[in-house]
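See below for the structure under consideration.
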Amino acid sequence: MVRVAIMIGTPKGSNLVGAQTEREAAAAAEAVLRRLDPLALPVPVSVQCDDPKAAVRLSNYLAAVQAELVRT
């Protein structure tokens, strides 16, 4: 099991997402990003994780989510 913390900077302040699994962290962080106004994107995202490979995967995934939201 992986412990994950994701800090998402938004125009209204920072959001901290914590989860025990990579999947839970991805879903929670994506939900935060999808609630933001697309004009505010991209926002800074910082991932801290016990597993460095998981941190990279999550960072890449959340960057792709933001790119998708910016295009729509």
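The values are calculated or read from the model by the stated rules, or taken from the named source; none is laboratory data. Computed from a predicted structure; not experimentally measured. Cβ coordinates were reconstructed from backbone atoms using ideal geometry, including for glycine residues, and neighbour counts include every protein chain displayed. Just the protein is used for accessible areas: all its heavy atoms, side chains included, with ligands, DNA and RNA removed. Shrake-Rupley method; radii C 1.70, N 1.55, O 1.52, S 1.80 Å.
For region 6-39, taking the residues that are among the small types (Gly, Ala, Ser) and surrounded by 15 or more Cβ atoms within 10 Å (Cβ to Cβ), the one that is farthest from Gln66 (Cα to Cα) is identified as Ala19. Looking across Ala67, Ala63, one residue alone is open to solvent by less than 60 Å² (accessible area, probe 1.4 Å), on the phi < 0 side of the Ramachandran plot, aliphatic (A, V, I, L, M) and without any contact (Cβ under 8 Å) to a residue 24 or more places away in the chain. It is Ala63.
Scanning region 40-60 for residues that are buried (at least 18 other Cβ atoms within 10 Å of the Cβ) and in a helix (DSSP H, G or I) returns Ala54, Ala55, Leu58.
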